[in-house]
Amino acid sequence: MCCSTRSRMSWSDLLFVHPARDKYPESEIPLCMTRRELKDEIDKLLSLARERGAEPRQVAASDVVTAEWVRFKCRFGCKGYAKHLSCPPYAPTPAETRRMLTEYSTGILLRFEGVPGHPDLKPDDIPLDFHPFLRDLILWVSSTVHFLEKTAFYDDFPKAFGFGAYPCIYCEDCVAEEHEGIVDESIRRLCRHMDLVRPSMEAAGIDVYSTARKAGWDMHVIPCRDLEYGKIMHGNVVSMGLVLIE
């Protein structure tokens, strides 16, 4: 990060120097100026998302839907529960996410279509442990979310924060799964990729289906062959990510 040093500047000043501060006192920065800068930044992020193969849409933060039932689906039914630091019980609760959303006015919802490398996916193509099988898809979503968040942060939008999709896959085995016995969030200090890992939307209690529909995308559950876990009937997979910005 490049900052010009000035006498009597605090560390917070060095980190978050507003480009208009030289002309206006911080309390008097025109609202129209900050709105224009935000619009320009969002346009930039939308363009960057498209370059990475995602379809982005700006959404109001108030249209991001949270629900308690989402976390229950993680706790009861998902084989990744408690095995990854991007998932419950390590991820924010629906209530925490709901409170956080009130601090934002807007965000970018990201739509990713398909499974990289598997355009004609069939149930028999999917192994029993399908998490590594979906590695390229998960990294596509996670890296795009992280890239947009960091771009906004270093463009002087420090509140930018991203939510990915699926359990994290930066490591072959997460430290949460490697440790036996009771594991709490303090184990996050041992994360090998702490700078990269973000909670998935669903892990943080976001109702992805309802949020997508509010953005104009009609999402549906993909049926599985004979109701068998993970054996989806086709590869027309739609994944979602979210980047909040203020």
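Does region 208-246 hold any residues that are among the aromatic types (F, W, Y) and part of a helix (DSSP H, G or I), and which are they?
Within region 208-246, Y209 is the sole residue that qualifies.
Condition check ((1) farther than 29 Å from D173 by Cα; (2) of a type outside the set (G, A, S); (3) in contact (Cβ under 8 Å) with a residue 12 or more places away in the chain) across all residues:
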{"position": "R192", "(1), (2), (3)": "no, yes, yes"}
{"position": "G205", "(1), (2), (3)": "no, no, yes"}
{"position": "A212", "(1), (2), (3)": "yes, no, yes"}
{"position": "D218", "(1), (2), (3)": "yes, yes, no"}
{"position": "D226", "(1), (2), (3)": "yes, yes, no"}
{"position": "M233", "(1), (2), (3)": "no, yes, yes"}
{"position": "V237", "(1), (2), (3)": "no, yes, yes"}
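Sort through I222, I245, I182 and tell me the only one that's of a type in the set (V, I, T), under 30 Å from K122 (Cβ atoms) and either out of contact with any helix residue (DSSP H, G or I) (no Cβ under 9 Å at 6 or more places or on another chain) or surrounded by 17 or more Cβ atoms within 10 Å (Cβ to Cβ) (or both).
From the options I222, I245, I182, the qualifying one is I222.
Only one residue in T211, T144 is polar (S, T, N, Q), under 14 Å from the mean Cα position of the chain (by Cα) and more than 17 Å from R98 (Cα to Cα), so which one is that?
Sole residue among the options that is polar (S, T, N, Q), under 14 Å from the mean Cα position of the chain (by Cα) and more than 17 Å from R98 (Cα to Cα): T144.
What are the residues in region 197-213 that are surrounded by fewer than 17 Cβ atoms within 10 Å (Cβ to Cβ) and touching a helix residue (DSSP H, G or I) at 6+ places or on another chain (Cβ under 7 Å), if any?
If the condition is that a residue be surrounded by fewer than 17 Cβ atoms within 10 Å (Cβ to Cβ) and touching a helix residue (DSSP H, G or I) at 6+ places or on another chain (Cβ under 7 Å), then no residue fits.
Does T102 count as among the β-branched types (V, I, T), out of contact with any Leu (no Cβ under 9 Å at 6 or more places or on another chain) and surrounded by fewer than 17 Cβ atoms within 10 Å (Cβ to Cβ)?
Spelling it out, T102 is indeed among the β-branched types (V, I, T), out of contact with any Leu (no Cβ under 9 Å at 6 or more places or on another chain) and surrounded by fewer than 17 Cβ atoms within 10 Å (Cβ to Cβ).
Of the numbered conditions (1) farther than 24 Å from I169 by Cβ; (2) crowded, with 17+ Cβ neighbours inside 10 Å; (3) at pLDDT below 95, C87 fails exactly one; give the number of that condition.
Unmet condition: (1).
Looking at region 53-66 only, could you name the residues that are loosely packed, with under 15 Cβ neighbours inside 10 Å and on the phi < 0 side of the Ramachandran plot?
Correct list: E55, A60, S62.
The values are calculated or read from the model by the stated rules, or taken from the named source; none is laboratory data. Because the structure is a prediction, the values reported are computed rather than measured. Note that we place each Cβ from the backbone using ideal geometry, even for glycine, and neighbour counts take in every protein chain shown.
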